[in-house]
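Worksheet for the structure shown next.
The values are calculated or read from the model by the stated rules, or taken from the named source; none is laboratory data. Model, not experiment: these values are computed from the prediction. Note that we place each Cβ from the backbone using ideal geometry, even for glycine, and neighbour counts take in every protein chain shown. Areas reflect the complete protein model, heavy atoms only, side chains present, ligands, DNA and RNA absent. Shrake-Rupley method; radii C 1.70, N 1.55, O 1.52, S 1.80 Å.
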Amino acid sequence: MSLNLYQWALFRSTKAGVKIHTRFDLNKGIPDAFVVTNAASHDKTVMDSLVDTKHCIYVFDKAYNDYVKFDQYTKDEKYFVTRLKDNAVVTEIKDLRISRSDNRLLDLGTQILCDKVVKLGSVYTYQTKETYRLIKILDKTGKVLTFITNIDELFSEEIAWLYKKRWEIEIFFKWIKQNLKFKTFIGHSLNAIMIQIITGIMTFSIFKIIETSIQIKTSLIDIKRAIENNLFEIYEAHEFKWLDIFNSS
């Protein structure tokens, strides 16, 4: 974004930008909370606003790594799965047996390399008071991924599968950028940006509700096109059928 037009959204010396930190409910397939910051703010500054409920499992990107918060979340019975940064300092405590689900959850060719109990961080800066599980896998492309979690009960394979499910939030962001024109803003003020963000998230959520309520199998983009093509059609409540809309479009 142009710094001249968005001076309130600090990012770099020549650019402005905003971040939408979003919590996505995997059970419902929709976002249920979000925080907007300028792009210069570090991701982990908003964690407490999104990780706010006990006995839930939160899956987040490694940009949100914060060892102090990990200890606090564990103490508060807030569970998480995340990736470990490549330069992370790890102290191994013991090896655990690699465990797999009865039903295959990972892609063919994906290998689980280890499951360990560890502490994170350096004793010279901050080392975690709690211990964590470290699961390392080799995916089908040959890339090594390292996950960290405070969940003891799940299989090694289930932990890796949970992180794989995080891809749904990436699909959500890709969808709203491509189909709801999030790359072009309608105004320059924070209020204008917030209205556009809220409207986009509401639109996506409505489409998801429609998707689950109709009998025929379709996609979100088909729903969007059907609504656009029939926006000014009038349907009586007792005659309203989604099949009619899809046929007419």
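Among what's in region 132-167 and is part of a strand (DSSP E or B) and among the aliphatic types (A, V, I, L, M), pick the residue that is most open to solvent (accessible area, probe 1.4 Å). Among those that are part of a strand (DSSP E or B) and among the aliphatic types (A, V, I, L, M), it is Val144.
Among the residues of region 17-39, is there at least one that is of a type outside the set (S, T, N, Q) and farther than 30 Å from Leu220 by Cβ?
no
Take region 3-30 and flag every residue that is closer than 24 Å to Asn191 by Cβ, in a loop (DSSP other than H, G, I, E, B) and open to solvent by 20 Å² or more (accessible area, probe 1.4 Å). Correct list: Leu3, Asn4, Leu5, Gln7, Trp8, Phe11, Arg12. Residues in region 50-103 that are open to solvent by 60 Å² or more (accessible area, probe 1.4 Å), touching a Lys or Arg at 6+ places or on another chain (Cβ under 9 Å) and part of a helix (DSSP H, G or I): Gln72, Lys75. Taking each residue of region 208-224 that is open to solvent by 50 Å² or more (accessible area, probe 1.4 Å) and looking for partners that are modelled with pLDDT under 80 with beta-carbon atoms closer than 9 Å, six or more apart or interchain, yields Ser213/Trp242; Gln215/Trp242; Gln215/Leu243; Ile216/Trp242; Ile216/Leu243; Ile216/Phe246; Asp222/Phe246; Asp222/Ser249. Of the residues making up region 104-126, those that are β-branched (Val, Ile, Thr) and either assigned to a strand (DSSP E or B) or exposed (fewer than 12 other Cβ atoms within 10 Å of the Cβ) (or both) are Ile112, Val117, Val118, Val123, Thr125. Do the conditions hold for Leu145, that is, is it without any contact (Cβ under 8 Å) to a residue 24 or more places away in the chain and in contact with a helix residue (DSSP H, G or I) (Cβ under 9 Å, 6 or more places away or on another chain)? Spelling it out, it is not the case that Leu145 is without any contact (Cβ under 8 Å) to a residue 24 or more places away in the chain and in contact with a helix residue (DSSP H, G or I) (Cβ under 9 Å, 6 or more places away or on another chain). Every test in (1) open to solvent by 70 Å² or more (accessible area, probe 1.4 Å); (2) assigned to a strand (DSSP E or B) is passed by Ala33 save one, and that test is (1).
Is one or more of the residues making up region 174-187 closer than 22 Å to Gly29 by Cβ and of a type in the set (A, V, I, L, M)?
yes
Restricting Leu10, Leu5, Leu50 to those that are within 29 Å of Phe147 (Cβ to Cβ) and either in contact with a strand residue (DSSP E or B) (Cβ under 8 Å, 6 or more places away or on another chain) or modelled with pLDDT under 90 (or both) reduces the list to Leu50. Cβ-Cβ below 7 Å, separation at least six or inter-chain, first residue in region 73-91 and within 11 Å of Ile148 (Cα to Cα), second hydrophobic (A, V, I, L, M, F, W, C) and part of a helix (DSSP H, G or I): which pairs? Note: pairs meeting the criteria are Val81/Ile159; Val81/Leu162.
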